[in-house]
Amino acid sequence: MPNAFLVVDDSKLHHQMYNLAFARGTLAGSTVYHATNGREGYTLLAAHPELALVLLDLNMPEMNGLELLARRRTENLHPHIPIVLVTTEGTPEDEARGRAAGAWDYLRKPFQPADIERVVARALERAAPGPT
Amino acid sequence: MAADENAFSELIQDYIVECLPLAEQVGDAFVALERRWKEGDPGDNTLAALAGPLHTVKGNSAMMGIAPAQTVAHALEDICALLTAEPRLRGDEGAALLVSGSGMLIDLVRRAAGGAQPEAAAEFAEQARAFITSAQTGAAASESAGESTERRAGDRRITSRREEAASEPGSVVRVDFRRLDALLEVLGEGMIEQSAVIELYRRLARKVGPSDEVADLDRALLALQKTIKRMEGILMETRLLPASSVFNRFPRLVRDLAHAAKKPVRLVTSGGATPLDKAILDRLGEPLIHLLTNAVVHGIESPEERARAGKPAEATLDLRATSESGRVVIRLSDDGRGLDDASILAKAEALGLEVRASDPEQLRALIFLPGFSTVKEVSSLAGRGVGLDVVATSIRELGGTIEVSSRPGQGVSFTLSLPLTLAILRSLIVEVDRERYAVPLSHVTATVRTEPDTMHQINQKGVALWRGDLIHVADAGELLGTGAPPNGSRRFYVVIGTGARRRGILVDRLIGHQDIVVKSLDPTVGRPEVVSGTTILGDGKVACILDVVRILDQRVPV
């Protein structure tokens, strides 16, 4: 069964990049949901408990990545779905802040399709032995 | 460049489409900020609102492997962060850096597909670093001197949210403009074929007389006409863009010009939402840049001269667009010294032109003539001659008109009137010596039947009394060089005009109104000067389109 992913980013260009990345190699055939701001992303997250992974941009209008993570924690929404925070900010403080807010992993721009493949593989590995 | 090795390089056009408006938004805002800081307004909200767009450009450039754009965007972010934290640093030096850096960023994004020069970007990053370092050293010094400053300079990120949501409704698609051009072309063919069918229908109806079938055909054709009309309307709408897409480039231009000329100038634009066909907008930038340059360089006085005239040191350029009865009017006014009528008159006399000094409008229209420009006297003419014939020609090629008005000591105002679209022209079809011609309806003021006692001859030139005014009436056959001498067949004259200028053209018959599809002329083919293009009429015959503006421009000796 193909895996489903959610991409939350306000840049249309990034959505196209994710489409390219999710169309190749082991990821071909994946279902990708797109949201252009945190609010939309949160709604899609709530609607799709089957998601294998969420790729979440940090800087966005209408609820940024950290705000989405905070709300998800408060409402304990689908805690089994790993969320990867994607950002251009590279400082260790930023990364720590993201992880503290509940991000499962941290992906730095610029990334390449292979990086997406890697992070997805790790997420699926993590999910496989655990309870569903 | 690196973009070639990048896995996302096929998205380069999408990158430009997304990032160029953002870079331009940032650039415009910096130009505006520079002004506000001069006026003592800290502009906190503007600075904060730019964090989002800058960040997106930086991130996207990084993803595409376009390092120079990433470097410049990053340096701009750093300067913004510093200036956000240190309001006292908001001044000329910082503003100049932001303006030049964002100009570079716009350029880098625009030319991303062609590769960029990393040297300039690195140089700018170096300047930014130097500015930040010296500012921080200064801050440390003043802090140690006991002054309290907010300690946020170390936090590079501006965390406030974007004012503008970048999201759009999902029902928007991007289309290559050439496809819209192709669609218009096909629609044009359809319109020509439609008129052919209607022409045939009329002949058929005359031949067979009234019948149910003829009546049905009549109804069906009417429905078809309506549908094609609607199709045209929708297609035209999809080709429209707001005038602001051109106007937006100008604040930066005026700022740079004013800087270079050492004259404080404020550009005020309005009517940016006024829609215009993209094909026209694309060709409107150049002439407007020409006019703006002229205004700043020549029209506006030095601050000293303005002070002597009791004017505010800062000059105002007012650029506005409005929609007026199916056309778009763009007006550029300055509050400079105005045209020097005496010099224009002297120049006209030197060139052997016949002008009435008492008619300032006629006099000022001369500045659009070729030859009025390139000469030395340019500066004594308040510099108004520079390339204005070029401007007038490009506006005319767009089917537009340009007029100038001037009040000595108070400024000059140029008024451009443009059609909404280039391709389809509402026209009056007339017949002259058994040939048909199209007269653009936008310039037709009236059609008049020639009565024996309304036409007069003054100095062998025809004049007519029209609505209480004497207007010149020329013979169409003579204008077009049809060779056939006027033989009393001219039973109508068409009054054409722009602004206050009117002129009559004698024709044989009025055929009716028709939407015609403009076909451009092969430039290698000779043609009368007063023809601007051709079209194909319902009967398949080619008809010439009269160049009304050129006819009006022909000087009539009095």
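The values are calculated or read from the model by the stated rules, or taken from the named source; none is laboratory data. This is a predicted model, so every value here is computed, not measured. Here the Cβ positions follow ideal geometry from the backbone for every residue, glycine too, while neighbour counts run over all protein chains shown.
Brief remarks on what is shown
- Any hit, the range B:17-34, residues being facing chain A (nearest Cβ under 10 Å), surrounded by fewer than 23 Cβ atoms within 10 Å (Cβ to Cβ) and under 31 Å from the mean Cα position of the chain (by Cα): yes
- All positions within the range A:1-12 that are free of Cβ contacts under 8 Å to residues at least 60 places away in the same chain and surrounded by fewer than 20 Cβ atoms within 10 Å (Cβ to Cβ): A:1, A:2, A:4, A:12
- Residue within the range B:240-261 that is under 31 Å from the mean Cα position of the chain (by Cα) and β-branched (Val, Ile, Thr) present: yes
- Consider the range B:504-533 and keep the residues that are at pLDDT 75 or above and closer than 20 Å to residue B:393 by Cβ. The one that is surrounded by the fewest Cβ atoms within 10 Å (Cβ to Cβ) is B:529.
- Boolean, residue B:330 is under 15 Å from residue B:398 (Cβ atoms) and crowded, with 16+ Cβ neighbours inside 10 Å: yes
- Residue within the range B:163-180 that is more than 14 Å from chain A (Cβ to nearest Cβ), farther than 30 Å from residue A:97 by Cβ, in a helix (DSSP H, G or I) and modelled with pLDDT under 75 present: no
- The residues of the range A:78-114 that are more than 22 Å from residue A:23 (Cβ to Cβ) and loosely packed, with under 15 Cβ neighbours inside 10 Å, listed by number, are A:79, A:80, A:90, A:91, A:92, A:93, A:96, A:99, A:100.
Residues checked against (1) hydrophobic (A, V, I, L, M, F, W, C); (2) over 19 Å from residue B:403 (Cβ atoms):
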site: B:276; (1), (2): yes, no
site: B:281; (1), (2): yes, yes
site: B:305; (1), (2): no, yes
site: B:309; (1), (2): yes, yes
site: B:312; (1), (2): no, yes
site: B:327; (1), (2): no, no
site: B:334; (1), (2): no, no
site: B:355; (1), (2): yes, no
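- Wholly within the range B:393-479, strands (runs of 3 or more DSSP E) carrying at least 3 residues that are free of Cβ contacts under 8 Å to residues at least 40 places away in the same chain and not charged (D, E, K, R): B:455-458, B:461-466, B:469-475
- Any hit, the range B:54-77, residues being acidic (Asp, Glu) and either facing chain A (nearest Cβ under 9 Å) or surrounded by fewer than 20 Cβ atoms within 10 Å (Cβ to Cβ) (or both): no
- Members of the range B:35-53 found to be within 14 Å of chain A (Cβ to nearest Cβ) and within 29 Å of the chain's Cα centre (by Cα), listed by number: B:50, B:53
- Residue in the range A:2-24 that is more than 23 Å from residue A:95 (Cα to Cα) and assigned to a strand (DSSP E or B) present: yes
For every residue, the table says whether it meets (1) loosely packed, with under 13 Cβ neighbours inside 10 Å; (2) of a type in the set (Val, Ile, Thr).
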| site | (1), (2) |
| --- | --- |
| B:181 | no, no |
| B:190 | no, no |
| B:194 | no, no |
| B:199 | no, no |
| B:210 | yes, no |
| B:219 | yes, no |
| B:223 | yes, no |
| B:227 | yes, yes |
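- Residue under evaluation residue B:445, criteria (1) out of contact with any Ser or Thr (no Cβ under 6 Å at 6 or more places or on another chain); (2) surrounded by 19 or more Cβ atoms within 10 Å (Cβ to Cβ), criterion not met: (2)
- Pairs, first more than 9 Å from chain B (Cβ to nearest Cβ) in the range A:13-42, second part of a strand (DSSP E or B) and of a type in the set (Asp, Glu), C-beta under 9 Å, six or more apart: A:38/A:57; A:41/A:57
To keep it simple, each residue is scored yes or no on (1) in a helix (DSSP H, G or I); (2) out of contact with any strand residue (DSSP E or B) (no Cβ under 7 Å at 6 or more places or on another chain); (3) at pLDDT 90 or above; (4) closer than 20 Å to residue B:245 by Cβ.
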position	(1), (2), (3), (4)
B:4	yes, yes, no, no
B:14	yes, yes, no, yes
B:19	yes, yes, yes, yes
B:26	yes, yes, yes, yes
B:48	yes, yes, no, no
B:60	yes, yes, yes, no
B:75	yes, yes, yes, no
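- Residue under evaluation residue B:295, criteria (1) in contact with a strand residue (DSSP E or B) (Cβ under 6 Å, 6 or more places away or on another chain); (2) modelled with pLDDT of 90 or more; (3) over 24 Å from residue B:397 (Cβ atoms), criterion not met: (3)
- On the stretch given as the range B:339-363, residues that are surrounded by 20 or more Cβ atoms within 10 Å (Cβ to Cβ) and touching a residue at least 24 places away in the same chain (Cβ under 8 Å) total 3.
- The residue of the range B:111-145 that is modelled with the highest pLDDT, among those that are outside any helix (DSSP H, G or I) and among the hydrophobic types (A, V, I, L, M, F, W, C), is B:116.
- Test: residue in the range A:44-64 that is surrounded by fewer than 19 Cβ atoms within 10 Å (Cβ to Cβ), within 26 Å of residue B:18 (Cα to Cα), more than 13 Å from every other protein chain (Cβ to nearest Cβ) and not aromatic (Phe, Trp, Tyr): yes
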